[in-house]
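The structure appears right after this line, and notes come after that.
The values are calculated or read from the model by the stated rules, or taken from the named source; none is laboratory data. These figures come from a predicted structure and were not determined experimentally. Neighbour counts run over all protein chains shown; Cβ positions are idealised from the backbone, glycine included.
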Amino acid sequence: MKRGRTKTDQQYLADILKLMSTQYDKKVKALKAASLKQTVLFRPIMADDDVEKWSPIQSHELKFAELGIRYDATTACSEIVDYRNERREKLREQERERSRLKEEEEQKRETMMMEQQRNHEQKLIRKESAVTAIPGIIHYQKVSYGAVMEHAQQQ
């Protein structure tokens, strides 16, 4: 435990850690003592003829084939490495395809937005031209406060 001022929760934590470490030591020593007293178990080795070959359900076989799991054949380390590299290459290819599709989709969205904006601007122009064609309409102009002050100073 650290010296100096300590909070109550720090004291409790130190006590718990000390108790847990002593309990852990006691358990480890008891397990070691018990394992030394225990006799070694010998299990009979089954011959290859006695071993039943495991075979999955047909639906599982289809799923294994879909996922590329080879459960029925023994494989060498080099085959595992080759298979892993193939799988990684497939994943990279899929990722490239996804990114390409995302880019195409993004471009389509941008072109759609630009088209919508053009259509909106054209509609506004049509509305303005229709309004200006009506006689007796007063046109108001939007002016900023700064522009008004500059105009006043010039006069």
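Residues being surrounded by 10 or more Cβ atoms within 10 Å (Cβ to Cβ) and either touching a Pro at 6+ places or on another chain (Cβ under 6 Å) or at pLDDT 70 or above (or both): count how many of those fall in the range 129-147. Before the answer, list the steps.
Keep residues of the range 129-147 that are surrounded by 10 or more Cβ atoms within 10 Å (Cβ to Cβ), which gives 131-132, 147.
Imposing the further condition that a residue be either touching a Pro at 6+ places or on another chain (Cβ under 6 Å) or at pLDDT 70 or above (or both) reduces the set to 147.
Qualifying residue count, the range 129-147: 1.
If you go through the range 52-102 one residue at a time, how many are assigned to a loop (DSSP other than H, G, I, E, B) and of a type outside the set (Phe, Trp, Tyr)? I'd like the intermediate steps shown before the answer.
Start the filter on the range 52-102 by keeping residues that are assigned to a loop (DSSP other than H, G, I, E, B), which leaves 52-57, 68-76.
Next, only the ones that are of a type outside the set (Phe, Trp, Tyr) stay: 52-53, 55-57, 68-70, 72-76.
Looking only at that region, the number is 13.
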